[in-house]
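Bear in mind that the values in this text are calculations on the coordinates, not laboratory data. It should be emphasised that the depicted structure is a prediction, and the values quoted were computed from it without experimental measurement. Ideal geometry is used to build each Cβ from the backbone, glycine not excepted, and the neighbour counts take in all protein chains shown.
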Amino acid sequence: MIANTSGTSLFVVVNDNVYSVSPNGTRSSIGTLTTRRGTVSMRIGLNQLVIVDGRNGYVYDLGTRTFNRIDSDAFLGSVTVEYFSGYYVFIQPNTQTFYISALEDALTIEPLDFATANNASPDRLVGQAVTGKVLVLFGEVSAEIWQDAGNPEFTLQANTGAKMEVGLLAAFTAKELDNSIFWLGRDQRGAGMVYKMEGFRPSRVSTMAVEEQIQRAISEGNDVSLSVAYAYQQGGHSFYVLQVPGLNTTWVYDASSQQWHERAELVLGEYRQHRGRYHAYCFGKHLITGDDEIIYEYDVDANTNAGDVLVRDRVSPHFATPQLSRIGFGAFELDCTVGKGINGQAEARVLLRYSNDGGDSWSDWRTSTLGAIGERKARARFLRCGSARDRVWQVRCTDAVPFSIINAAIEVQA
């Protein structure tokens, strides 16, 4: 399932069926795909919704509400579609060739509206993304910048001075965010870094921890080219959300704080990737879909995961002296949200455990209070926390209450 929106119209693909979705969630069938290979790509222009599935292309006319397959002999298939300067941009699979539709009409493709992206590298095109007034065409190990120059023969023109020596590892990870483009990249020397385009240059934003996980997934034989990403802005933060096959968590980059975090669901005691794989902002809501064909809403005030337990975890950096001297820990007190309680229960609870060997093994979980409803002076405090030369702490909340960590105070006994 995938969602696409113009802000007031929401469309989803479920199996081979295309639906429009109303604000109350009612689905109305608008067409059927004759072929589909995994993830499809959709873009909305002024008058048309365009869908490509690798082999075929489809157009839904927003005015006449008609659904048609692109039957032009000049349509050569495309894994992705972009909308740029009024044109729909397609990439012929496994080639360096891309082509555009007629202005605001994806059903019309002229045989001469083709171009080749091969200024310096002989790599095939993988994907594309648009930001501002530029179209970025990503190859396997390089990328090119194209702009609308208004040329009468072919309107787009390459910026020959703005080639990037980093390509695209997964077609569906190149996303516009924060007036830039983020993507999962590769080059002639390796693969698995996440980049942001700054000016016309790639800037690495992934950390060694993120890259180690991605490269482990590659080395274990997972098809990382099937990775997907989506981007959204909420509460003053801009998020790039990356789903990589073979990982048990979802990696998320907060462009506002320039920090990474992980999202996951705890199923039978084990982490699994977050259920959201595709995103659309529509009807004033952040909507996500996944493999279960359900449309969910991101709500920062929700304290469950669509009715399932919402686990909030925080793991500390290593707590140690440079000499690795043994440290006694008299108490651990968490400065966090308290006094919210749970209806029908006396209080909400928070859990704590710790590791003295870098996370290879952990203590049993210990429990402290987050207070009953209205108990604003509750203290989430743990006593007699033992000693260690190198300590890592983990805090967890599974109760359906607001939970925000401000700080932690640790009583140290040298």
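Over the chain, what is the mean sequence separation of C-alpha contacts under 8 Å (at least six apart), divided by residue count, expressed as relative contact order in percent? Present the calculation step by step, with values, prior to reporting the outcome.
Working: 1012 pairs, mean separation 37.0, N = 414.
Worked out over the chain, it gives 9 percent.
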**OP:** Straight distance only, please: which aspartates and glutamates reach the Cα of residue 175 with their own Cα at less than 16 Å, same-chain residues fewer than 8 apart left out?
**Re:** 82, 144, 198, 254
Subject >> Label zone at residue 281, where the point sits 7 Å out along the Cα-to-Cβ direction: segment 29-67 residues whose backbone N lies under 18 Å >> reply: 43-45
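Would you compute, from DSSP H runs of 4+ residues alone, the mean residue ellipticity of the chain at 222 nm, taking -39500 (n - 2.57) per run and dividing by the full residue count, rounded to the nearest 500? Don't jump to the answer; show the numbers that get you there.
Values: 1 runs with 12 residues, N = 414.
Dividing the helical sum by the residues of the chain leaves -1000 deg cm²/dmol.
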Subject >> Potential extension, residue 408-residue 363 segment - 0.36 nm per residue separation minus Cα distance >> reply: 14.3 nm
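Among residues other than residue 393 whose Cβ falls under 9 Å from its Cβ, what is the net charge (Lys/Arg +1, Asp/Glu -1)?
Net charge in that neighbourhood comes out at +3.
Starting from the exponent 0.38 and prefactor 2.2 Å, build the expected Rg for the chain from its residue count and divide its actual Cα Rg by it.
Working: Rg = 24.8 Å, N = 414, 2.2 N^0.38 = 21.7 Å.
Computed over Cα atoms of the chain, the ratio equals 1.14.
Say R0 is 35 Å: what FRET efficiency, to the nearest 0.05, do residue 377 and residue 226 get from their beta-carbon distance? Before the final figure, lay out the partial values.
On the way: r = 51 Å, r/R0 = 1.45.
The formula returns an efficiency of 0.10 here.
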**OP:** Would you please give the FRET efficiency between residue 94 and residue 46, computed as 1/(1 + (r/R0)^6) with r the Cβ-Cβ distance and R0 = 41 Å, to the nearest 0.05?
**Re:** 0.85
Original post:
Do any trypsin sites (Lys or Arg not before Pro) in segment 258-348 lie in a loop, going by DSSP, with at most 14 other beta-carbon atoms within 10 Å of their beta carbon, and if so which?
Top reply: 326
Subject >> Range in the chain, longest, excluding exposed chymotrypsin sites (Phe, Trp or Tyr not before Pro) [loop by DSSP; at most 15 other beta-carbon atoms within 10 Å] >> reply: 201-361
Subject >> Flagged links, alpha-carbon separation over 25 Å, of 285/377; 163/196; 163/285 >> reply: 285/377; 163/285
Subject >> Under 11 Å, Cβ to Cβ, from residue 47 - net charge with Lys/Arg +1 and Asp/Glu -1 >> reply: -3
**OP:** List the relative contact order of segment 321-410 as a percent without decimals, with contacts defined as Cα pairs under 8 Å and 6+ residues apart.
**Re:** 44
Original post:
For the Cα atoms of the chain, what angle does the longest principal axis make with the long axis of helix 208-219, in degrees from 0 to 90, nearest 10?
Top reply: 60
**OP:** Count the net charge of all other residues whose Cβ sits under 12 Å from the Cβ of residue 5, scoring Lys and Arg as +1 and Asp and Glu as -1.
**Re:** +2
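How much length is gained if the chain between residue 151 and residue 311 is pulled fully straight, taking 0.36 nm per residue apart and subtracting their Cα-Cα distance, in nm to one decimal? Walk me through the numbers on the way to the answer.
Working: separation 160, 0.36 × 160 = 57.60 nm, distance 5.48 nm.
Extending this stretch completely gives an extra 52.1 nm.
In cubic angstrom, how much convex hull volume per residue do the alpha carbon atoms of segment 36-130 span? Write out the running numbers ahead of the final one.
Working: hull volume 9.2 nm³, N = 95.
Taking the convex hull of the Cα positions in segment 36-130, it is 97 Å³ per residue.
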Original post:
Using 7 Å Cα-to-Cβ label points, what is the residue 318/residue 61 separation (nm, one decimal)?
Top reply: 6.6
